[in-house]
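Visitor: This is the structure I have questions about; it appears just below.
The values are calculated or read from the model by the stated rules, or taken from the named source; none is laboratory data. Keep in mind that what you see is a predicted model, and the values were worked out from it rather than measured. Cβ placement follows ideal geometry from the backbone for every residue including glycine, while neighbour counts extend to all protein chains displayed. The accessibility values were calculated without ligands, DNA or RNA, using every heavy atom of the protein model including side chains. Shrake-Rupley method; radii C 1.70, N 1.55, O 1.52, S 1.80 Å.
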Amino acid sequence: MASNMITITNNADGSSHEYPLKTGTLGPGAVDISALYRDAGIFTYDPGFMATASCHSAITYIDGEQGVLLYRGYPIEQLATRASFLEVAYLLLYGELPQERQLLHFERDIIEHMMINENLKNFLNGFHYDAHPMAILCGVVGSLSAFYHEAMDVNDPDYRDISARQLIAKVPTIAAAAYKHSVGEPIMYPRDELRYCANFLHMMFATPRADFKPDLIAEKALNLLFILHADHEQNASTSTVRLAGSSGANPFACVAAGIASLWGPAHGGANEAVLDMLLEIGDVANVPKFIAKAKDKDDPFRLMGFGHRVYKNYDPRAKIIREVCHQVLEEVSGAGDDPLFELAMKLEEIALNDEYFVERKLYPNVDFYSGIIYSALGVPRNMFTVMFAVARTVGWVTHWTEMMSDPANRIGRPRQVYNGPERRDYLPISKR
Ligand code: ACO
């Protein structure tokens with residue numbers, strides 16, 4: 001057997017076949033078993049993709065054992081503290097950090113595209129005032145394909161680039177409009193003179209009755225959180241975008257599918273669930289009770305913001321957020337640490353010393369602390385996952401673009417192990 005081949009032997013009939021081991025620049029390789037069914041008439045079974053690489057990708061690298069996260073090779077710690085969100089968006093989309101002129105051009109283009117078609121307001125107005133903003137975001141982003149369809153050609157690289165930029169530009173406007181709708185305030189239009197994050201704060205918090213100057217600390221905090229959430233390789237929502245896009249669906253529909261997937265509490269919905277959980281715990285004295293609930297297999301309760309499919313170490317994004325939390329809380333509210341932050345730190349300390357969490361390598365993930373910062377910025381809880389979606393749009397469109405330019409791209413079509421009834425004949429209703 002050649003050293004880069006893996007042999008799979010079927011002990012039942014003694015047959016064996018060789019499959020190539022694909023290796024990347026970093027991380028484990030993967031056996032290419034795409035010919036297994038043709039060779040041996042069997043599928044592989046891996047619910048939840050525990051050990052399945054679904055594609056090649058050059059965007060983001062995670063080493064879950066070491067707690068490493070790289071965007072296009074750059075450590076998240078360096079980008080989070082030194083780059084702007086649109087600089088990171090450019091890096092993710094195009095693979096290299098932009099030159100000054102490229103960044104200026106990219107920023108101007110995105111800001112200019114932040115306006116949404118005025119008729120989209122009719123969609124927003126159709127939602128009940130108490131609709132969850134994630135429901136509004138999902139519906140309105142999906143409807144963008146009905147507005148920007150003139151040049152729609154997913155096989156054209158120029159169209160792909162334009163639509164990627166449109167999504168990065170328009171999702172924050174729709175997100176802020178969803179918030180305004182929920183509080184019954186008029187939608188605020190984006191402003192050309194404001195940077196991306198400042199524009200978002202303006203669209204969220206400005207009203208027509210007074211001048212509004214986005215707070216620099218809040219802008220800095222948002223910039224940081226958006227960078228941390230921008231991409232995370234083949235997570236559930238990104239894989240959803242890829243699967244939807246693999247059929248040739250338009251990028252607006254694909255991103256709407258990604259938003260739907262992100263909403264679940266096991267994924268992006270966890271940031272909202274963490275705050276709900278902290279409020280329910282209420283006091284440090286109640287922490288042991290909730291830890292016991294999380295460990296009880298007969299209780300569906302899980303410690304929200306804890307655990308990750310890939311990280312078996314501290315999530316590097318959670319480490320960064322935890323470090324800046326003190327500073328942001330002090331600077332934004334001027335009141336020092338929030339009692340919920342104190343509670344979260346205590347909960348983390350107790351969980352990290354508990355055998356159950358240690359054995360299973362359950363550490364805080366990015367969502368454990370992000371909601372506390374969003375709260376300090378005045379963002380309501382039901383908007384937390386929407387904030388995540390705004391940032392992750394960059395990752396979704398980058399993966400969609402990468403997939404659509406990959407000659408190996410084929411429609412995603414998993415197989416199954418069928419365990420339903422065997423063939424049987426139809427019976428007339430009187431004989432059943
Ligand atoms: N609280 C208590 N127990 C947990 C938790 C938790 N938060 N997370 C995992 N476990 C336990 C499981 O019960 C299981 O125990 P067992 O081996 O005794 O059966 C073991 O740890 C492994 O858990 P799985 O669910 O098999 O791990 P998986 O990789 O499928 O799930 C997930 C990862 C969904 C993130 C999970 O840890 C979880 O539900 N966490 C809480 C929700 C959350 O914070 N989600 C955000 C993820 S990050 C993101 O999407 C941005």
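Visitor: Go through region 179-238 residue by residue and tally those that are over 30 Å from Ser54 (Cα atoms) and either assigned to a helix (DSSP H, G or I) or not hydrophobic (A, V, I, L, M, F, W, C) (or both).
Guide: So the answer is 39.
Visitor: Next up: Exactly one of these conditions fails for Met204: (1) within 23 Å of Ile76 (Cβ to Cβ); (2) open to solvent by less than 20 Å² (accessible area, probe 1.4 Å). Give me its number.
Guide: (1)
Visitor: Another question about this same structure. Tally the residues that are under 16 Å from Ile174 (Cβ atoms) and open to solvent by 90 Å² or more (accessible area, probe 1.4 Å), restricting the search to region 103-114.
Guide: Result for region 103-114: 0.
Visitor: Considering only region 386-419, state which residues are within 16 Å of the ligand (Cβ to nearest atom) and either of a type in the set (Val, Ile, Thr) or open to solvent by 30 Å² or more (accessible area, probe 1.4 Å) (or both).
Guide: Residues satisfying the conditions are Val386, Val390, Thr393, Val394.
Visitor: All but one of (1) open to solvent by 20 Å² or more (accessible area, probe 1.4 Å); (2) on the phi < 0 side of the Ramachandran plot hold for Leu124; state the number of the condition that does not hold.
Guide: Going through the list (1) open to solvent by 20 Å² or more (accessible area, probe 1.4 Å); (2) on the phi < 0 side of the Ramachandran plot, Leu124 breaks only (1).
Visitor: Out of (1) among the charged types (D, E, K, R); (2) touching a strand residue (DSSP E or B) at 6+ places or on another chain (Cβ under 6 Å); (3) open to solvent by less than 30 Å² (accessible area, probe 1.4 Å), what's the single condition that is false for Lys170?
Guide: With respect to (1) among the charged types (D, E, K, R); (2) touching a strand residue (DSSP E or B) at 6+ places or on another chain (Cβ under 6 Å); (3) open to solvent by less than 30 Å² (accessible area, probe 1.4 Å), Lys170 is out only on (2).
Visitor: I'd like the full set of residues that are among the charged types (D, E, K, R) and under 23 Å from Trp263 (Cβ atoms), limited to region 122-156.
Guide: Once the filter is applied, which keeps residues that are among the charged types (D, E, K, R) and under 23 Å from Trp263 (Cβ atoms), region 122-156 yields only Asp130.
Visitor: Sticking with this one: Looking for whichever is without any contact (Cβ under 8 Å) to a residue 60 or more places away in the chain and in a helix (DSSP H, G or I) here; the options are Leu124, Leu93, Leu104, Leu86. Which one fits?
Guide: Exactly one of Leu124, Leu93, Leu104, Leu86 is without any contact (Cβ under 8 Å) to a residue 60 or more places away in the chain and in a helix (DSSP H, G or I), namely Leu104.
Visitor: Still on this structure: Kindly list the number of the only condition in (1) at pLDDT below 95; (2) open to solvent by less than 50 Å² (accessible area, probe 1.4 Å); (3) not acidic (Asp, Glu) that fails for Ala30.
Guide: Against the list (1) at pLDDT below 95; (2) open to solvent by less than 50 Å² (accessible area, probe 1.4 Å); (3) not acidic (Asp, Glu), Ala30 comes up short only on (1).
Visitor: Also, quick follow-up: Within the group Asp215, Asp211, which residue is without any contact (Cβ under 8 Å) to a residue 60 or more places away in the chain and more than 16 Å from the ligand (Cβ to nearest atom)?
Guide: Sole residue among the options that is without any contact (Cβ under 8 Å) to a residue 60 or more places away in the chain and more than 16 Å from the ligand (Cβ to nearest atom): Asp211.
Visitor: A further question on this structure: Inside region 276-320, can you point out the residues that are closer than 24 Å to Lys220 by Cα, in a helix (DSSP H, G or I) and more than 12 Å from the ligand (Cβ to nearest atom)?
Guide: Pro316, Lys319, Ile320
Visitor: While we're looking at this one, here's another question. Name the single residue that is farthest from the chain's Cα centre (by Cα) among those in region 395-431 being of a type in the set (A, V, I, L, M, F, W, C), at pLDDT 95 or above and closer than 30 Å to Val171 by Cβ.
Guide: Only one residue tops the list, namely Ile411.
Visitor: For the condition touching a Ser or Thr at 6+ places or on another chain (Cβ under 9 Å), open to solvent by 20 Å² or more (accessible area, probe 1.4 Å) and in contact (Cβ under 8 Å) with a residue 60 or more places away in the chain, what is the one hit in Ser182, Ser239?
Guide: Ser239
Visitor: Taking only region 33-50 into account, find how many residues are open to solvent by 90 Å² or more (accessible area, probe 1.4 Å) and of a type outside the set (Ser, Thr, Tyr).
Guide: 3
Visitor: Shifting gears a bit: Please work out which one of (1) surrounded by 23 or more Cβ atoms within 10 Å (Cβ to Cβ); (2) of a type in the set (S, T, N, Q); (3) more than 10 Å from the ligand (Cβ to nearest atom) is the condition Gln234 fails and give its number.
Guide: Of the numbered conditions (1) surrounded by 23 or more Cβ atoms within 10 Å (Cβ to Cβ); (2) of a type in the set (S, T, N, Q); (3) more than 10 Å from the ligand (Cβ to nearest atom), the odd one out for Gln234 is (1).
Visitor: Can you list residue pairs whose Cβ atoms sit under 6 Å apart, with the first residue in region 264-289 being on the phi > 0 side of the Ramachandran plot and the second being among the basic types (Lys, Arg) and within 8 Å of the ligand (Cβ to nearest atom)? Count only pairs 6 or more apart in sequence or on different chains.
Guide: Once the first residue is on the phi > 0 side of the Ramachandran plot and sits in region 264-289, no partner that is among the basic types (Lys, Arg) and within 8 Å of the ligand (Cβ to nearest atom) comes close enough.
Visitor: Okay, moving on. Would you pick out the residues in region 252-275 that are within 9 Å of the ligand (Cβ to nearest atom) and either within 21 Å of Glu355 (Cα to Cα) or in a loop (DSSP other than H, G, I, E, B) (or both)?
Guide: Scanning region 252-275 gives Gly264, Pro265, Ala266, His267, Gly268, Gly269.
Visitor: Does region 389-432 hold any residues that are touching a residue at least 12 places away in the same chain (Cβ under 8 Å) and among the aromatic types (Phe, Trp, Tyr), and which are they?
Guide: Matches in region 389-432: Trp396, Trp400.
Visitor: Any residue in region 298-317 that is open to solvent by 50 Å² or more (accessible area, probe 1.4 Å) sitting within a Cβ distance under 7 Å of a residue that is part of a loop (DSSP other than H, G, I, E, B) and within 6 Å of the ligand (Cβ to nearest atom)? List the pairs, counting only those 6 or more apart or interchain.
Guide: What qualifies is His308/Asn365.
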